[in-house]
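Here's the structure, in structure tokens; my notes come after.
The values are calculated or read from the model by the stated rules, or taken from the named source; none is laboratory data. Owing to the predicted nature of the structure, the values given are computational and were not obtained by experimental measurement. Neighbour counts run over all protein chains shown; Cβ positions are idealised from the backbone, glycine included.
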Amino acid sequence: MELSRHEFELLRDYIYKICGLVIADNKQYLIRQRLEPLALTIGCLNFTEFYRKITESSLPPQTKNRFQEQVINAITTNETSFFRDGHPFAAFREYILPRLNERICERKQRLQSRKGPKVRLWSAGSSTGQEPYSLVMLIKEYSQAANQKHQFSMIPVSMEDFVILATDISTEMLARAMAGEYNDAEMKRGLDPERVKAYFKKNGRRWIISSSVRSMVEFRQINLIRPFTMLGGFDVIFCRNVLIYFDIETKTRIIAQFSEMLSDKGFLVLGATENVYGITDRFDSVHHGETLFYQKK
Ligand SMILES: C[S@@+](CC[C@H](N)C(=O)[O-])C[C@H]1O[C@@H](n2cnc3c(N)ncnc32)[C@H](O)[C@@H]1O
């Protein structure tokens with residue numbers, strides 16, 4: 001299907017409006033390749049007809065929302081893998097988790113109860129779920145090891161001390177994340193045989209994540225270009241490989257809300273090519289191994 005300059009501009013602006021994604025002039029092929037199947041499915045023979053159909057002012061709100069959802073599901077890039085890039089997860093295990101453990105102990109002691117307020121983690125832009133599930137595996141392994149070592153000076157942590165929220169704009173990716181089912185290719189990316197054995201069961205050609213990992217994550221649809229501080233406070237936010245798709249105004253709004261939501265000394269982990277420089281000075285940089293992440297001042 002041909003995509004004229006005018007059609008590209010109309011669809012590019014529509015996409016920006018509904019989800020903040022910036023599609024550069026040299027990425028016109030993304031619109032052509034990703035939206036053509038949808039255009040054909042809803043009976044349109046060219047992009048002008050498609051644009052008119054999905055933006056028609058007389059559309060009932062439900063239909064308008066359904067078209068938006070279909071465009072978002074088709075246009076977003078959902079690349080992910082378990083323990084993606086390795087080192088940010090090593091930093092989480094070696095640097096962030098011990099500090100969360102201390103935080104849990106302090107909160108429990110302050111309340112003079114073994115049931116303190118939980119430590120809250122958020123995977124924002126979680127795609128098919130590998131990122132939040134990787135975090136759960138690390139928390140499980142950390143609490144098992146910490147409790148085995150009998151660190152009497154510390155109150156042992158358990159999975160009950162953590163809450164993990166995972167959000168994405170794409171309903172299709174959220175459904176896949178919630179199902180927690182992966183194919184062989186996805187399993188080969190980032191998982192070692194011990195973790196496959198510990199956390200997955202094979203069912204036909206699919207690998208199903210264990211319910212003890214699955215049940216630790218709450219999934220919700222959140223569009224990061226709309227206000228989201230109602231999600232409450234967090235101790236750690238992972239938002240990796242999401243901000244790269246936005247312009248500076250959108251990034252600034254998102255980072256400002258992250259900083260508002262993070263607890264004092266809370267952690268923000270971004271993707272390898274993302275940073276907060278020139279956007280905010282509310283964070284200190286922390287270097288750990290190959291990883292750079294941020295801690296709220
Ligand atoms: C490349 S994936 C990153 C997945 C994971 N964080 C990682 O690093 O492996 C980017 C995700 O951001 C989501 N996304 C894109 N625009 C969004 C928006 N406006 N609000 C929330 N999520 C969005 C996409 O649906 C996609 O699943």
* To do: Name the single residue, out of those in the range 214-264 being of a type in the set (S, T, Y) and either within 11 Å of the ligand (Cβ to nearest atom) or assigned to a strand (DSSP E or B) (or both), that is nearest to the chain's Cα centre (by Cα).
  => Y245
* Considering only residues that are within 20 Å of the chain's Cα centre (by Cα) and surrounded by fewer than 19 Cβ atoms within 10 Å (Cβ to Cβ), look in the range 275-297 and name the one that is farthest from R103 (Cα to Cα). => N275
* Per-region count, the range 232-257, residues closer than 17 Å to D85 by Cβ and either charged (D, E, K, R) or in the same structural domain as A24 (by TED's automatic domain parsing) (or both) -> 1
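Mind checking which residues of the range 265-297 are in a strand (DSSP E or B) and of a type in the set (V, I, T)?
Hits for the range 265-297 are V269, V286, T291.
Just to be sure I understand, how many residues within the range 33-88 are charged (D, E, K, R), within 26 Å of the chain's Cα centre (by Cα) and more than 16 Å from the ligand (Cβ to nearest atom)?
Number of matching residues: 2.
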* Based on what the data block shows, is I222 crowded, with 18+ Cβ neighbours inside 10 Å and within 21 Å of A256 (Cβ to Cβ)? -> yes
* Asked: Has the range 173-180 got at least one residue that is outside the structural domain of C44 (by TED's automatic domain parsing), within 16 Å of the ligand (Cβ to nearest atom), in a loop (DSSP other than H, G, I, E, B) and in contact (Cβ under 8 Å) with a residue 40 or more places away in the chain?
  -> yes
* Asked: When you look at P117, is it away from the ligand (no atom under 16 Å from the Cβ), part of a loop (DSSP other than H, G, I, E, B) and surrounded by fewer than 17 Cβ atoms within 10 Å (Cβ to Cβ), yes or no?
  -> yes
* Within the group R99, R103, which residue is in the same structural domain as F228 (by TED's automatic domain parsing), surrounded by 17 or more Cβ atoms within 10 Å (Cβ to Cβ) and part of a helix (DSSP H, G or I)? -> R103
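Does any residue of the range 195-202 turn out to be within 16 Å of the ligand (Cβ to nearest atom), touching a helix residue (DSSP H, G or I) at 6+ places or on another chain (Cβ under 7 Å) and in a helix (DSSP H, G or I)? Step through it out loud before you land on a result.
Initially, the range 195-202 is screened for residues within 16 Å of the ligand (Cβ to nearest atom), giving none.
No - not one qualifying residue is present in the range 195-202.
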* Structure fact -> Only unsatisfied item for R34, checking (1) without any contact (Cβ under 8 Å) to a residue 12 or more places away in the chain; (2) surrounded by fewer than 18 Cβ atoms within 10 Å (Cβ to Cβ), is (1)
* Taking the range 47-94 only, how many residues are among the basic types (K, R), touching a residue at least 40 places away in the same chain (Cβ under 8 Å) and part of a helix (DSSP H, G or I)? -> 1
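Please specify each residue of the range 15-29 satisfying the condition of being crowded, with 17+ Cβ neighbours inside 10 Å and farther than 21 Å from P227 by Cβ.
Scanning the range 15-29 gives I23, Q28.
For every residue, the table says whether it meets (1) modelled with pLDDT of 95 or more; (2) within 16 Å of the ligand (Cβ to nearest atom).
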position: E102; (1), (2): no, no
position: L111; (1), (2): no, no
position: G129; (1), (2): yes, yes
position: E141; (1), (2): yes, no
position: N147; (1), (2): no, no
position: Q151; (1), (2): no, no
position: F162; (1), (2): yes, no
position: A166; (1), (2): yes, yes
position: I169; (1), (2): yes, yes
* To do: Could you please let me know if G278 is out of contact with any His (no Cβ under 9 Å at 6 or more places or on another chain) and at pLDDT below 95?
  => yes
